[in-house]
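J.: Mind looking over this structure? Questions follow.
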Amino acid sequence: MTTSRSWGSLLLRGAGMFQPDRKLHNFLRRVRHRRRPDGSYNILGICSTGHGASFALISSRYGVRALNFERFVAKKYALLMAREELRELHECDRGIPANIRFLLTNRDGSLPPISVFEDFWEPFLAHLLRGLPLSARDIDVVAGSESHFAINRAWLGRALGSFFPNAEVHTDLEHHLVHRAQAFYSSSFNDAAILTADACGEPLARLGGKSLAMTLAHGNGDSIQVFTEHAAPESSTGELYSFINDYLGFEHGEEGKTMGLSSFGRDTCYRALRPHLSLLGDGSFRFLDRGALTTAVQALEIQRREPKEPITPAHEDLACAIQMLLNEIMVNAVHVLARNSASTNLCIAGGTALNSIANETAFRASRFNAVHIMPNAGDCGHALGCALHAERNLRPRRTSPPASPGLHLTDALGPLYTDDEIEFALTRSGLPFRRVEAIHEYAAASIEKGRIVGWFQGGSEYGPRSLGQRSILADPRSPTMKDHLNHRVKHREPFRPFAPAVLEERASEFFDLTGPSPFMLRVVNVLPDKRSLISAVTHVDGTARVQTVSAATHPRFHALIEAFAQRTGVPVILNTSFNVAGKPIVETPDDAIDCFRSTHIDVVVLHDYVLEKEGLDG
């Protein structure tokens with residue numbers, strides 16, 4: 001959510017005044033009796049409105065699954081239901097009734113039949129649960145964060161209760177409560193300092209109708225205690241960054257473009273704007289409101305850019321300025337957090353946590369020894385945050401561990417596809433294909449030859465990064481590979497960098513990296529003597545957004561990189577998302593095949609099956 005109000009500071013709780021999250025306490029007392037005799041449970045987290053629409057299952061028997069709706073319908077930022085006005089739903093052929101094209105909440109306040117929403121929830125849930133002996137009737141608890149949208153909560157509760165007949169339903173978990181759950185419960189830490197930062201959440205009565213934009217908290221075991229809250233728009237890192245992102249001609253959700261562009265700029269614009277930033281001792285900040293910021297930027301002779309207009313050096317300087325300002329804001333917040341939490345661990349979530357430059361800058365400037373950033377740290381990960389919060393409060397505390405350990409190691413939470421299903425999709429495509437025994441050796445050889453390889457393995461990633469489940473892979477040594485990928489496959493801006501995936505055990509040979517970076521959310525320096533060797537993944541400023549790959553959690557992807565290293569001496573692969581500009585990352589085998597058909601990808605590997613473009617040698 002966004003707002004046009006000014007930025008500044010509002011301290012709502014004094015530092016050191018620990019107060020526990022209590023949103024679920026009464027709810028939990030009501031639902032504890034619904035536990036099965038054997039202690040098993042199935043919890044569904046749901047975010048059914050807004051750009052982060054997703055479902056997430058935590059099952060004591062079947063583990064964790066999570067999927068964003070955009071992957072299911074193959075349309076970015078697709079909605080599971082409308083808000084205040086008519087919303088178009090992407091037409092698709094994955095079980096959604098052909099006569100349904102729109103979802104509607106009437107302007108007069110009247111609501112559509114509950115069955116309309118069930119028509120969309122049912123095929124999406126069925127896809128998430130594919131291969132599992134579960135249905136809507138097996139869900140014990142539905143936990144959601146919907147209250148910041150213009151939806152009648154009582155009506156939504158009835159709709160969910162109708163669709164999940166045996167579940168207790170709770171739909172008003174606070175936005176930043178869920179972000180804190182995302183941050184801490186997805187980590188491996190027993191205790192941690194927690195920072196959440198984004199644009200804003202829902203309006204809260206205790207804030208006089210304002211929304212939270214930042215919280216500082218401490219997690220210990222199952223408990224999360226908040227000691228400071230800061231409101232939007234006064235302390236909204238997300239609003240500030242998004243405003244400049246919009247000024248630069250990029251769309252909502254494309255803040256990563258501003259981050260990539262920032263490395264090309266000089267600090268001249270930053271030096272002009274820095275006097276207007278005040279960093280406060282409670283972790284918040286004050287800055288110019290939108291009008292004053294626009295005036296200040298225009299005084300620097302930087303005009304608003306329209307989406308198709310050329311990017312000028314002045315735009316690069318503005319991107320550099322907002323990135324440097326955000327870095328300082330995050331460093332200050334983390335310093336304040338360190339003074340109020342004795343933990344040596346740091347967890348970060350919220351949309352701002354997707355800014356990997358700010359993450360690394362704040363972490364390196366702090367006293368913390370370890371950092372965890374959930375890969376789906378923004379609103380798109382809210383469904384899993386809701387499920388994690390509910391699980392930690394519902395599970396039998398002293399008789400069983402939670403069903404969600406290991407989330408700090410992998411985000412491959414999407415539904416699985418069998419070899420038979422992949423072979424069926426390939427046969428239906430009419431394209432020639434074959435099965436290869438040592439698929440990692442084949443893929444490594446293809447990459448060494450300069451081919452672009454689509455890599456489809458296991459369940460899809462729950463987040464915006466491709467991490468070896470739905471990836472496009474290429475040779476990082478090629479000085480022309482970046483331009484080749486941008487122009488012939490990805491069709492995206494030339495200033496955007498590509499990321500390296502590196503064997504975890506050899507990361508220090510190539511990167512100035514402390515600890516693992518499994519989710520590609522840390523930007524670090526490429527060692528000077530390696531920059532020319534892996535030029536395709538080295539950004540203009542000598543940095544890279546690194547993914548470390550462990551044999552324990554990603555054995556196939558690790559084996560591929562290891563095979564490439566044996567051939568070339570370089571334990572690094574260029575790894576980018578398996579999609580083209582404007583489309584979400586591929587989800588199904590059919591999606592991968594369609595992307596292969598419509599691009600200049602040379603090879604697609606689906607499990608052990610291979611599709612090759614005609615005319616390839618050897």
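J.: If I filter segment 263-280 for residues that are under 18 Å from residue 358 (Cβ atoms), basic (Lys, Arg) and not assigned by TED's automatic domain parsing to the domain that holds residue 583, do I get at least one hit?
T.: Yes.
J.: Return the residues of segment 232-254 that are under 24 Å from residue 208 (Cα atoms) and part of a loop (DSSP other than H, G, I, E, B); say none if nothing qualifies.
T.: Within segment 232-254, 233, 234, 235, 236 qualify.
J.: When you look at residue 99, is it of a type in the set (S, T, N, Q), assigned to a loop (DSSP other than H, G, I, E, B), at pLDDT 65 or above and not assigned by TED's automatic domain parsing to the domain that holds residue 590, yes or no?
T.: No; evaluated as a whole, the condition is false for this residue.
J.: Going residue by residue through segment 189-199, is there one that turns out to be of a type in the set (Asp, Glu) and within 14 Å of residue 236 (Cβ to Cβ)?
T.: Looking through segment 189-199, at least one residue is of a type in the set (Asp, Glu) and within 14 Å of residue 236 (Cβ to Cβ).
J.: Right, another one. Among the helices (runs of 4 or more DSSP H) contained in segment 387-492, which hold 1 or more residues that are more than 22 Å from the chain's Cα centre (by Cα) and of a type in the set (S, T, N, Q)?
T.: Where helices (runs of 4 or more DSSP H) fall fully within segment 387-492 and carry at least 1 residues being more than 22 Å from the chain's Cα centre (by Cα) and of a type in the set (S, T, N, Q), they are 419-429, 439-448.
J.: Let me ask another. Find the helices (runs of 4 or more DSSP H) located wholly in segment 265-361 whose residues include 1 or more that are surrounded by 21 or more Cβ atoms within 10 Å (Cβ to Cβ) and in contact with a Leu (Cβ under 6 Å, 6 or more places away or on another chain), and list them.
T.: Output list reads 268-273, 313-340.
J.: Something else about it: Please count how many residues of segment 195-211 are part of a strand (DSSP E or B) and modelled with pLDDT under 95.
T.: 2
J.: Considering segment 158-206 alone, what residues qualify as being out of contact with any Leu (no Cβ under 9 Å at 6 or more places or on another chain) and hydroxyl-bearing (Ser, Thr, Tyr)?
T.: 162
J.: Would you be able to say whether some residue in segment 389-402 is hydrophobic (A, V, I, L, M, F, W, C), modelled with pLDDT of 90 or more, closer than 16 Å to residue 175 by Cα and not assigned by TED's automatic domain parsing to the domain that holds residue 216?
T.: Yes, that holds for at least one residue.
J.: Output the number of residues of segment 493-505 satisfying the condition of being closer than 17 Å to residue 526 by Cβ and not in a loop (DSSP other than H, G, I, E, B).
T.: Within segment 493-505, residues that are closer than 17 Å to residue 526 by Cβ and not in a loop (DSSP other than H, G, I, E, B) number 6.
J.: Name the residues in segment 134-157 that are closer than 20 Å to residue 381 by Cβ, at pLDDT 65 or above and in a loop (DSSP other than H, G, I, E, B), would you?
T.: Passing the criteria: only 139.
J.: Scan segment 430-448 and tell me whether some residue there is of a type in the set (Lys, Arg), at pLDDT 95 or above and within 28 Å of residue 76 (Cα to Cα).
T.: Among the residues of segment 430-448, not one is of a type in the set (Lys, Arg), at pLDDT 95 or above and within 28 Å of residue 76 (Cα to Cα), which makes the answer no.
J.: On the given criteria, is residue 186 surrounded by 24 or more Cβ atoms within 10 Å (Cβ to Cβ) and either of a type in the set (Phe, Trp, Tyr) or more than 19 Å from the chain's Cα centre (by Cα) (or both)?
T.: The answer is no for residue 186.
J.: If you take the residues in segment 549-564 that are touching a Leu at 6+ places or on another chain (Cβ under 7 Å) and of a type in the set (A, V, I, L, M), which one is farthest from residue 408 (Cα to Cα)?
T.: Step by step, filter segment 549-564, then rank; the result is 561.
J.: While we're here: Among the residues of segment 238-245, is any over 21 Å from residue 300 (Cβ atoms), modelled with pLDDT of 95 or more, surrounded by fewer than 24 Cβ atoms within 10 Å (Cβ to Cβ) and not polar (S, T, N, Q)?
T.: No, segment 238-245 contains no residue that is over 21 Å from residue 300 (Cβ atoms), modelled with pLDDT of 95 or more, surrounded by fewer than 24 Cβ atoms within 10 Å (Cβ to Cβ) and not polar (S, T, N, Q).
J.: Anything in segment 447-466 that is farther than 15 Å from residue 481 by Cα, surrounded by fewer than 23 Cβ atoms within 10 Å (Cβ to Cβ) and of a type in the set (Gly, Ala, Ser)? List them, or say none.
T.: 458, 459
The values are calculated or read from the model by the stated rules, or taken from the named source; none is laboratory data. Computed from a predicted structure; not experimentally measured. When we count neighbours, we look across all protein chains shown, and the Cβ atoms used for this are built from the backbone with ideal geometry, even at glycine.
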